1. Which of the residues belonging to the range 14-31 are out of contact with any Gly (no Cβ under 9 Å at 6 or more places or on another chain) and either touching a residue at least 40 places away in the same chain (Cβ under 8 Å) or under 19 Å from Val99 (Cα atoms) (or both)?
2. What is the residue count in the range 37-64 for residues that are surrounded by 13 or more Cβ atoms within 10 Å (Cβ to Cβ) and either out of contact with any strand residue (DSSP E or B) (no Cβ under 9 Å at 6 or more places or on another chain) or assigned to a helix (DSSP H, G or I) (or both)?
3. Here are Arg52, Arg82: which of them is modelled with pLDDT of 95 or more and of a type outside the set (A, V, I, L, M)?
4. Yes or no: Ala5 part of a helix (DSSP H, G or I) and surrounded by 12 or more Cβ atoms within 10 Å (Cβ to Cβ)?
5. Does at least one position in the range 32-40 carry a residue that is at pLDDT 95 or above, touching a Lys or Arg at 6+ places or on another chain (Cβ under 9 Å) and closer than 18 Å to Trp62 by Cβ?
6. Could you please find all residues in the range 9-31 being in a loop (DSSP other than H, G, I, E, B) and either closer than 20 Å to Trp62 by Cβ or touching a Pro at 6+ places or on another chain (Cβ under 9 Å) (or both)?
7. Hey, among Arg82, Arg98, which residue is in contact with a strand residue (DSSP E or B) (Cβ under 7 Å, 6 or more places away or on another chain) and exposed (fewer than 12 other Cβ atoms within 10 Å of the Cβ)?
8. Among the residues of the range 65-85, how many are under 19 Å from Val99 (Cα atoms) and outside any helix (DSSP H, G or I)?
Amino acid sequence: MSEIAKTPEPPYYAVIFSSHRTEGDNGYGVMAERMVELAATQPGFLGVESAREDLGITVSYWESLECITNWKRNAEHQEAQRLGHQKWYSSFRVRVARVERDYGI
């Protein structure tokens, strides 16, 4: 079972990545694991949650917009983005949101 990210008190930011995959793995699984490992080493990374059925959704949490920009500019992450455009996704959407409230049990 995937864990719910343990985030700090708001405000912080969420990057929501929604996607439809192409057929086959084509190296996606290994790269997806690597991106989670790499993101976790980046300044300002707070956590990640991911689910996949027909529609995949990954939400990563960050301290600031600057941290998100730095992650987007990471060379290894840029290579994963390039491969995603070329062979892993038939469609995707990225949304960036400021988290104002966070509650649960």
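1. Scanning the range 14-31 gives Ala14, Val15, Ile16, Thr22, Asn26, Gly27.
2. Residues that pass the stated criteria total 2.
3. Arg82
4. For Ala5, the condition - part of a helix (DSSP H, G or I) and surrounded by 12 or more Cβ atoms within 10 Å (Cβ to Cβ) - is not met.
5. Checking the range 32-40: not a single residue is at pLDDT 95 or above, touching a Lys or Arg at 6+ places or on another chain (Cβ under 9 Å) and closer than 18 Å to Trp62 by Cβ.
6. Glu9, Pro10, Pro11
7. The match here is Arg98.
8. Total meeting the criteria: 0.
The values are calculated or read from the model by the stated rules, or taken from the named source; none is laboratory data. Small disclaimer: the values here were computed from a predicted structure and weren't measured. Note: ideal-geometry Cβ built from the backbone for every residue, glycine included; neighbour counts use all protein chains shown.
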